[in-house]
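Undergrad: Encoded as C-alpha cells, here's the structure I'll be asking about.
The values are calculated or read from the model by the stated rules, or taken from the named source; none is laboratory data. Keep in mind it's a predicted model, so treat the numbers as computed, not measured. Cβ coordinates were reconstructed from backbone atoms using ideal geometry, including for glycine residues, and neighbour counts include every protein chain displayed. Remember, those area values only see protein heavy atoms, side chains included, never the ligands or the DNA or RNA. Shrake-Rupley method; radii C 1.70, N 1.55, O 1.52, S 1.80 Å.
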Amino acid sequence: MNSNFSFAQKYWIRQSERDNERWSMSTYFTEKNKLKYSDFLLRFYSDGSGKNSPRLEPFVYGLWYNGLTSDGNQWEGVGYGGSIYFNNFISGIFKIPTPNIVPGAFGEHREEVARGVSRIDSYGPSLRFFGRNQQDSALYLNLKKTERDLLAQYYEEWNWEAAAVIYLAQSLRVEGSWLFSNDDWPAFPSSYAKQTGFKIGGGLEIGFFRVSAFFEKTSYSIKNPSPNTLRSFDEIRRVIQVGISI
C-alpha cells in the first residue's frame with residue numbers, strides 16, 4: 001500500500017513539474033516580465049542536474065477515425081500507438097551542458113478492416129527540439145517508415161517528417177506536421193509508390209490525459225501503374241485521439 005502511494009505521489013509531482021515547465025503563448029504574453037533569463041536558456045540547453053536529470057518520457061494513445069478517398073469511398077478505422085523520449089540523456093550521464101535536443105522513437109498501428117486494409121504501420125526515430133518534456137511546446141524531426149497494403153500490394157517507404165507543437169494556453173495546444181516526399185527531401189524511397197502529406201489539429205491536456213482531434217491528408221502516386229489502376233489519389237482522415245502521459 002505504501003509503495004503504491006509513493007509511486008502515485010512521485011507521479012503527481014512529476015506531472016506538476018511538467019505543468020510548470022510548459023511554455024505557452026498565454027504565459028509568455030501575460031508574465032514575460034517575470035520570466036528569468038535562466039528559464040529562457042533552459043529551453044535551449046540542459047545541464048543534467050536536479051530536475052534536468054535523465055528520465056524517460058513515454059506517451060501511449062488509442063485512436064478512432066473516419067476516412068475518405070478522392071474517389072468518394074468512405075470507411076472507419078481504429079489504432080493505437082505511442083512514443084518515448086530520453087530527456088537529458090547525454091547531459092545527465094556526463095554532467096555537461098548540451099543543447100536541448102532529445103532523442104526518441106515513435107510507433108503507430110492502424111486497421112481499416114471495413115475496406116480490407118489489415119494494417120497501416122508507421123514507426124521510426126525522432127528528435128525533439130527545445131521542449132522540456134512531452135507536454136511542452138517543441139519542434140520535431142522524424143524519420144518515418146510506413147508499411148501498409150496499398151491497392152492490394154505491399155508498400156513500404158521511409159520519409160522525413162517535420163512537426164511542431166505550440167501551447168496557446170496551459171491546457172490548450174495546436175500542432176501540425178508535414179510529411180516530405182522523397183522527391184523533395186530524400187530518405188529511402190519505395191520503388192512502387194511515393195507519398196506526401198500533412199496533419200493539423202490540436203487538443204486539451206487534462207493532467208496526464210490528452211484529448212486530440214486531427215485532420216490528415218496523404219497523397220499517393222503509383223510509379224508504374226498497371227492498366228485500370230489509379231495513378232494518384234488522396235486519403236483524408238478525421239482523427240480522434242485519447243492518450244496518457246506516463
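Undergrad: Using only Cα atoms, find the angle between the long axis of helix 2-21 and the longest principal axis of the chain, and express it within 0 to 90 degrees, rounded to the nearest 10.
TA: It is inclined by approximately 80 degrees.
Undergrad: Place a point 7 Å from the Cα of Q74 along the Cα-to-Cβ direction; which residues of the stretch 198-238 have their backbone N under 14 Å from it?
TA: In the stretch 198-238, the label zone of Q74 (backbone N under 14 Å from the point 7 Å along Cα→Cβ) covers 236-238.
Undergrad: For a Förster distance of 22 Å, can you work out the FRET efficiency between the beta-carbons of K95 and F130, rounded to the nearest 0.05?
TA: With a Förster radius of 22 Å, E is 0.55.
Undergrad: Based on the Cβ-Cβ distance of F215 and D19, what FRET efficiency does E = 1/(1 + (r/R0)^6) give at R0 = 25 Å, to the nearest 0.05?
TA: Once rounded, the FRET efficiency stands at 0.35.
Undergrad: Continuing with the same structure: Given 37 °C and 0.692 mPa s, compute D for the stretch 78-204 with the Stokes-Einstein relation, Rh being the Kirkwood radius over Cα pairs; round to the nearest whole µm²/s.
TA: 203 µm²/s
Undergrad: What length, rounded to one decimal in nm, is gained on full extension from Q170 through to F198, with 0.36 nm per residue of separation minus their alpha-carbon distance?
TA: 7.6 nm is the gain from fully extending Q170 to F198.
Undergrad: How high is the relative contact order of the stretch 111-246, given as a whole-number percent (alpha carbon pairs under 8 Å, six or more residues apart)?
TA: Once divided by the residue count of the stretch 111-246, the mean separation gives 15 percent.
Undergrad: Between S70, S171, S24, find the one with the highest GNM mean-square fluctuation for the chain; connect C-alpha pairs within less than 10 Å.
TA: Checking each option, the largest mean-square fluctuation is seen for S70.
Undergrad: What residue among F214, A187, G176 has its Cα farthest toward the positive end of the dipole of the stretch 170-246, where the charges are +1 on Lys, Arg and -1 on Asp, Glu, each on the Cβ?
TA: Comparing the listed Cα positions along the dipole, F214 ranks first.
Undergrad: As an exercise, take the mean of 1/r over every pair of distinct alpha carbons in the stretch 160-213, invert it, and state the Kirkwood radius in angstroms.
TA: About 12.9 Å, per the Kirkwood formula over Cα pairs.
Undergrad: In addition: Taking the solvent-accessible surface of protein heavy atoms with a 1.4 Å probe, what is the per residue accessible area of the chain in Å²?
TA: For the chain, the solvent-accessible area averages 54 Å² per residue.
Undergrad: Where in the chain lies the longest segment free of trypsin sites (Lys or Arg not before Pro) that are both loop residues by DSSP (not H, G, I, E, B) and have at most 12 other Cβ atoms within 10 Å?
TA: Counting at most 12 other Cβ atoms within 10 Å as exposed, the longest clean stretch of the chain is 96-222.
Undergrad: Give me the Kirkwood hydrodynamic radius of the chain, using the inverse of the mean 1/r over all pairs of distinct Cα atoms, in Å to one decimal.
TA: 19.7 Å
Undergrad: Report the FRET efficiency, 1/(1 + (r/R0)^6), for Q153 and V113, where r is their Cβ-Cβ distance and R0 is 22 Å, rounded to 0.05.
TA: That gives a FRET efficiency of 0.75.
Undergrad: Continuing with this model, one more query. Over the chain, what is the mean sequence separation of C-alpha contacts under 8 Å (at least six apart), divided by residue count, expressed as relative contact order in percent?
TA: Relative contact order for the chain comes out at 18 percent.
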